[in-house]
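Read through the structure below, which is laid out as structure tokens, and then see the notes.
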Amino acid sequence: MKKPLIVLFILATTFSFTTSAQEVSIDGRLKPHLDAFFELCKTYNIEYNDKLFALKKIAVVETLQTSSKGSTLGMLQRDEDRNVENIAINWIAMLDPEILKVVAFHEFGHYFLEYDHHVCDDCGIIMSVVNTSYFDIANDWENQIKILFEKSPAYLKNQNSMNTTVAQQNYSGN
Ligand SMILES: [Zn+2]
């Protein structure tokens, strides 16, 4: 039998990264997922540093809607100018490490990979509106990551600008 409540007692360490411009507060419980996510950003050549320092915090919170009918598991919170200031993850996602991982990557995807929209309602990938089975996704993780990054607006934008550069080079070469 699982003992999901144990995760609640994990110490809520907060890491702070300071630059001259801004300080970002990062919840220690999300830090390993964020580090893994940034490693993938490096692999896929996606810039994340400026976006990171534009944030105030990445945190597990108790303020998102939580009910038996459905909970908001994660959310990008914006300031009055509609700029994202916080990435908030519902504490309830911590009841299972696999759910936490999928929810964290989903919200990081919205922000760092520039998914302004969901890809589908419930199609078993990280950027669905809802996921009936987080465990199917977790069990198919490598493939899920590939889909998440390779189909992302941020990655496709890079690919397009690379193609444009090549096209311009070809043009000027003629
Ligand atoms: Zn979403």
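For V130 and R78, compute 0.36 nm times the residue count separating them, minus their Cα-Cα distance, and round to one decimal in nm. Intermediate values should be presented prior to the final figure.
On the way: separation 52, 0.36 × 52 = 18.72 nm, distance 2.13 nm.
Taking V130 through R78 to full extension adds about 16.6 nm, to one decimal.
Would you work out if the range 41-174 is rounded, prolate or oblate? Take a ≥ b ≥ c from the square roots of the eigenvalues of the alpha-carbon gyration tensor; rounded if a/c is under 1.5, else prolate when a/b is larger than b/c, oblate otherwise. List each step's numbers first, then the result.
Details: a/c = 2.63, a/b = 1.68, b/c = 1.57.
Since a/c reaches 1.5 and a/b is larger than b/c, the shape of the range 41-174 is classed as prolate.
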For the pair K42 and N163, what calculated FRET efficiency results from E = 1/(1 + (r/R0)^6), where r is the Cβ-Cβ distance and R0 = 25 Å, to the nearest 0.05?
-> 0.70
If the chain between N139 and V61 were fully extended at 0.36 nm per residue, the gain over the current Cα-Cα distance would be 25.4 nm
When all C-alpha to C-alpha distances in the range 64-121 are sorted into bins of 10 Å, what percent of pairs does each bin hold, rounded to whole numbers?
-> 22, 51, 26, 1
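Explain nothing, just the number: relative contact order of the range 4-173, from Cα pairs under 8 Å at least 6 residues apart, as a whole percent.
Details: 227 pairs, mean separation 27.7, N = 170.
Value for the range 4-173: 16 percent.
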Under 20 Å from a label point 7 Å along Cα→Cβ of A54: give me every residue in the range 101-143 with its amide N that close.
-> 105-118
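Read-outs: derived from the displayed coordinates by stated rules, not from any lab. Model, not experiment: these values are computed from the prediction. Backbone-built Cβ (ideal geometry, glycine too); neighbour counts: all protein chains shown.
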